[in-house]
Each structure stands twice: as C-alpha cells, then as structure tokens.
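The values are calculated or read from the model by the stated rules, or taken from the named source; none is laboratory data. The model shown is predicted, which means the values in this text are computed figures rather than measured ones. Every residue, glycine as well, gets a Cβ built from its backbone with ideal geometry; the counts of neighbours run over all protein chains shown.
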Amino acid sequence: MKAVVTVGVGDFSRLVHKNVSLPVPGPGEVLLEVLASSVNNTDINTRLGWYDSADSTEVSAAASTTADTTTTPSSPQTGWNGATLFPLIQGTDCCGRVVGLAPGVDQGLMGRRVLVRPCMRPLGFQSWVNRWLGSDMNGAFAQFVSVPATEVFPVDSDWSDTELGVVPCAYGTAENMLQRVQVRAGEHVLVTGASGGVGVAAMQLAKCRGAVVSAITSPDKMAQLQALGADRVLQRRDDVKACLGKQAVDVVVDNVAGNAFAGLLPVLKSGGRYVSSGAVAGPIVSLDMRMLYLNNLTLYGCTAWDASVFPQLMRYIRQNAFHPVIAATFTLKHIEQAQRAFLKKQHIGKIALLP
C-alpha cells in the first residue's frame, strides 16, 4: 500500500511517500481502508519534536512561527508520551471502512463505514494513560490502517467521507474540553484561535449546548465566524477586557496561549474556568497567581478524552447538530503542500487529506 512515512524529527524532507507492507490486524483489531483523514497540529508538532519540554526556548521558538522549521529539541523525546518511535505513519484522523477482522472480532463490523476514536485509554478511563493514533501507533496517512476494534464507531450519516474524516481529532478535542469544564446553556464562552480546526469546533459545539460564544480571530475571518454562529467576534489585537468587560466570561477555551494568555484570565468571572489542549502561539506564558487564587479560577489541561466524548460526538453527527468546515482538500501524496497551507494559518476550519 501507499503511505506517508515520517522517518524522523525534522523538516518536510522527513515525510516520505512510498510503498509499505499492508498492516495485518492483531488480536482484537480491525483492518480499515482509509477513506479520509486531515491535517492536525499534533502531526506537525510530533515531526518537529515540539512536545519535548527539555528546552523551553527552543520549544517556544518552534511554536511561534507559521513556517516549517528544523529547530528541534536536543533530547530524543518527541511525543507527549515519551520518545516517538520512528519510522512512523502519522495521521490522527480516520474515516475508514472495515475490510478485515482479527479472529473473535464482531463480524457485524465488516464493511461498515466507521470513525476511529484517536485518543485511546488502554488502561481504562479510570487512568489518565492515553495512546494516540498517528503518534503512539501507526495512523491514517496511508491506504490502510489497523486499529483496536473497541476504538471504531460505525457511522450512519449522509455526510461525505471527506466531511467525516476531518471530525475526530478537532471536534473530539473540542467536545472533551467543553465536557471537562461542564459548559451549560446560557453561559458565556470565549474561544481563542476560533478560525482553526479546534476553534471552529469549540464554537460550534458550544452553540449546540446553548452557550453564548465570543470568538477571537484575525480581521479577515471575522465575517465568516459570525456566519458560523459566533455571537461576537473580536480581533486578535483587541484588548479583550476592554471589549467584553472585567469578569464577563464563564469559560475560556484557549488553544493559543503565548503572549495573549495574560489578558484572558481577567475576563473570567469569579469561579470561572479556563481550559486548554494546545499552545499554537507558544507554550510558555505569564501567570499572575493573584488572579488565579483571588478569583477562585480553575485551570484545566486536556489531552486524555473522557469516556462520553466520542459517543456524544457520534450523536451530534446523527442529529446533524453541526456541520464540519472544510477549507481545502489534498491527496496524501501532496501532504507537504497540505501542511504548508495549514501552517500559513490563512484558512478557516479543516484541511482534508484523501488517500
């Protein structure tokens, strides 16, 4: 089969499109024909070694650029769960069709179109240990992939393969954050980086809960985010507290971090919640501890998904409660062009990859 193999830490030259052996499903696994995938920050971060916190200066520099970089940490730990074992087939998102089963796996799955839950909890949901498709195991940047049968969810929807393929990582990450902080109807949610895949998803899924949503983005994207349902849209250069008011927001969903972080906590109400699963503008931030403890704020970090996240996402799909936003589509052999377009940050929503 054809696959894009990441052969090590580095620039785009580390992505090699070539023939590899067809995977054989192991005990409890299914073999999927990959129908669609997409580009995510985590794929690029893993290749660049961004998750290594050994050198904060290097990590911040890599995070703050919109171009690919060869800046890499000095130690070999390149994934959040430890050293990434290269060569690796990346690809966190997967819409696929079941074409093979290991002995003992439910025969009813054969031929079904499915989504793969990319965040797996091998020790159960009572443990925070998590294992990610495309980071800790071979993923969907290939024509076929083997995954545990417990992580595939049959989907009955008239959405296209491409639409389904952009959902799992971004929308699952957003749903996990909203569930973790228990967003309720009528609450005011502020979403930073609202034009990105997770940002758009957080905005759409918060609206599904009946929340009021303020979104932060660049000036050229404001009108489209309003059309997608944002109640108010701010420019990145705006003073957030001056625009929204002091203690005006119940929840901040922030995957940007960087220098803008310090301006977000003052807009949270007493007892407010801040949640993050990323740091695209830089992971090193300035925190005034007085703001945190005097206002009884709670900060949530989210990587491992809760048990209810993906089933709820599948219900939303069946109900057509939201519609994925696709900015562009590339074929897998053009992954470099896809990731370059992603890194420019000029798009809204997701960039799809078809095998």
Long-range neighbours under 9 Å by Cβ, at least six apart or interchain, first residue on the phi > 0 side of the Ramachandran plot within the stretch 109-135, second crowded, with 24+ Cβ neighbours inside 10 Å and aromatic (F, W, Y): G134/F141
Among (1) outside the structural domain of L178 (by TED's automatic domain parsing); (2) assigned to a helix (DSSP H, G or I); (3) under 23 Å from L228 (Cβ atoms), the one test that T329 misses: (2)
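Limited to the stretch 250-282, what total is found for residues that are assigned to a strand (DSSP E or B) and either more than 24 Å from C119 (Cβ to Cβ) or of a type outside the set (K, R) (or both)? Spell out how you get there, then give the answer.
Residues of the stretch 250-282 that are assigned to a strand (DSSP E or B), as a first pass: 250-253, 268-276.
Still in the list and also either more than 24 Å from C119 (Cβ to Cβ) or of a type outside the set (K, R) (or both): 250-253, 268-272, 274-276.
Summing the residues that are assigned to a strand (DSSP E or B) and either more than 24 Å from C119 (Cβ to Cβ) or of a type outside the set (K, R) (or both) in the stretch 250-282 gives 12.
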Residues within the stretch 108-135 that are in contact with a Lys or Arg (Cβ under 8 Å, 6 or more places away or on another chain) and outside any strand (DSSP E or B), tallied: 7
Residue under evaluation I89, criteria (1) aliphatic (A, V, I, L, M); (2) closer than 22 Å to L332 by Cα; (3) at pLDDT below 95, criterion not met: (3)
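Looking at N138, N176 in this structure, which one is at negative phi, outside the structural domain of Q247 (by TED's automatic domain parsing) and touching a residue at least 60 places away in the same chain (Cβ under 8 Å)? So that I can check it myself, show each step before the final result.
Values: N176 fails: outside the structural domain of Q247 (by TED's automatic domain parsing).
Exactly one residue qualifies, and that residue is N138.
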From the options V251, V233, residue that is assigned by TED's automatic domain parsing to the domain that holds M291, more than 20 Å from S286 (Cβ to Cβ) and in contact with a Phe, Trp or Tyr (Cβ under 8 Å, 6 or more places away or on another chain): V251
Residues satisfying the stated conditions in the stretch 291-309, i.e. in contact with a helix residue (DSSP H, G or I) (Cβ under 6 Å, 6 or more places away or on another chain) and not in a loop (DSSP other than H, G, I, E, B): M291, Y300, V309
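Determine, yes or no, whether V98 is crowded, with 20+ Cβ neighbours inside 10 Å, within 25 Å of A338 (Cα to Cα), touching a strand residue (DSSP E or B) at 6+ places or on another chain (Cβ under 6 Å) and of a type in the set (V, I, T).
Working: crowded, with 20+ Cβ neighbours inside 10 Å: yes; within 25 Å of A338 (Cα to Cα): no; touching a strand residue (DSSP E or B) at 6+ places or on another chain (Cβ under 6 Å): yes; of a type in the set (V, I, T): yes.
Answer is no for this residue.
With respect to R237, determine if the residue is charged (D, E, K, R), more than 22 Å from A327 (Cα to Cα) and at pLDDT 95 or above.
Numbers: charged (D, E, K, R): yes; more than 22 Å from A327 (Cα to Cα): yes; at pLDDT 95 or above: no.
The answer is no for R237.
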Residue in the stretch 114-129 that is in the same structural domain as S277 (by TED's automatic domain parsing), among the hydrophobic types (A, V, I, L, M, F, W, C) and over 20 Å from the mean Cα position of the chain (by Cα) present: no
Single residue of T192, T217 found to be crowded, with 20+ Cβ neighbours inside 10 Å, under 23 Å from L292 (Cα atoms), in contact with a helix residue (DSSP H, G or I) (Cβ under 8 Å, 6 or more places away or on another chain) and modelled with pLDDT of 95 or more: T192
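Considering only residues of the stretch 304-329 that are of a type outside the set (S, T, N, Q) and free of Cβ contacts under 8 Å to residues at least 40 places away in the same chain, which is surrounded by the most Cβ atoms within 10 Å (Cβ to Cβ)? Reasoning before the result, please.
First, pick out the residues of the stretch 304-329 that are of a type outside the set (S, T, N, Q): 304-307, 309-311, 313-318, 321-328.
Adding the requirement that they be free of Cβ contacts under 8 Å to residues at least 40 places away in the same chain leaves 315, 327-328.
Details: R315: 10, A327: 18, A328: 15.
Among those residues, the one meeting the criterion is A327.
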2 or more residues over 20 Å from the mean Cα position of the chain (by Cα): qualifying helices (runs of 4 or more DSSP H) within the stretch 136-248: 222-227, 240-244
